[in-house]
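Reviewing the structure listed below.
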Amino acid sequence: MKTTLLALALCGAPAFAFAQSAPVAAYEFLTVAELKQDSDAKLLFAPAFDGKTEVQLARLPGATTNNRAKFVATYRQNLELVNQHLAAVTAAGWELVQASPGTAASGHEYLFRRLKK
């Protein structure tokens with residue numbers, strides 16, 4: 001009899017009565033963005049990461065036929081530098097949540113998050 005009454009009580013209770021609200025995770029965010037102005041390029045951090053708000057990237061030479069090999073080599077060097085900084089950000093516990101292609105005036109933008117400490 002007790003089992004039947006308990007079963008009826010549980011079946012008749014609204015589902016939300018048993019739901020427990022999970023604590024909402026609080027995150028902090030970090031944006032890493034490439035800024036390109038003419039042939040000048042920088043990697044920006046907001047807020048500062050590892051004490052840096054920006055890192056200078058190598059100046060790209062003009063992309064003419066004569067400079068193509070130098071242009072590609074410099075561009076590759078910049079990509080490697082960006083990848084090193086992105087790897088450092090993830091090693092510090094940040095999780096990549098969004099990557100955007102950017103615009104003509106800017107390069108890629110990366111949004112990271114981690115749980116607030």
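Cβ-Cβ under 7 Å, sequence separation 6+ or interchain: first residue in segment 87-108 and in contact (Cβ under 8 Å) with a residue 24 or more places away in the chain, partner surrounded by 11 or more Cβ atoms within 10 Å (Cβ to Cβ) and of a type in the set (Val, Ile, Thr). Which pairs?
The qualifying pairs are VAL89/VAL32.
If you go through segment 70-111 one residue at a time, how many are of a type in the set (D, E, K, R), under 16 Å from VAL32 (Cβ atoms) and loosely packed, with under 12 Cβ neighbours inside 10 Å?
Looking only at that region, the number is 1.
Scanning segment 71-115 for residues that are among the hydroxyl-bearing types (Ser, Thr, Tyr) and part of a strand (DSSP E or B), which turns out nearest to the chain's Cα centre (by Cα)?
Per the criteria, the residue is TYR110.
Which of the residues belonging to segment 83-108 are within 21 Å of LEU60 (Cα to Cα) and either modelled with pLDDT of 95 or more or polar (S, T, N, Q) (or both)?
ASN83, GLN84, HIS85, LEU86, THR103, SER106
How many of the residues in segment 34-70 are among the β-branched types (Val, Ile, Thr) and part of a loop (DSSP other than H, G, I, E, B)?
Number satisfying all stated conditions: 2.
Cβ-Cβ under 7 Å, sequence separation 6+ or interchain: first residue in segment 62-86 and under 17 Å from LYS42 (Cα atoms), partner surrounded by 13 or more Cβ atoms within 10 Å (Cβ to Cβ) and among the small types (Gly, Ala, Ser). Which pairs?
Hits for this filter: THR74/ALA58; GLN77/ALA58; ASN78/ALA41; ASN78/ALA58.
Is it the case that segment 17-27 has a residue that's modelled with pLDDT of 80 or more, under 30 Å from VAL89 (Cα atoms), in contact with a helix residue (DSSP H, G or I) (Cβ under 9 Å, 6 or more places away or on another chain) and not in a helix (DSSP H, G or I)?
Here is the first cut: in segment 17-27, the ones modelled with pLDDT of 80 or more are 25-27.
So of that shortlist, the ones also under 30 Å from VAL89 (Cα atoms) come out as 25-27.
Right, trim to in contact with a helix residue (DSSP H, G or I) (Cβ under 9 Å, 6 or more places away or on another chain) and you get none.
Scanning segment 17-27 turns up no residue that is modelled with pLDDT of 80 or more, under 30 Å from VAL89 (Cα atoms), in contact with a helix residue (DSSP H, G or I) (Cβ under 9 Å, 6 or more places away or on another chain) and not in a helix (DSSP H, G or I).
The values are calculated or read from the model by the stated rules, or taken from the named source; none is laboratory data. What you are looking at is a predicted structure, and each value in this text was computed from that prediction instead of being measured. Positions of Cβ are backbone-derived with ideal geometry, glycine not excepted, and every protein chain shown enters the neighbour counts.
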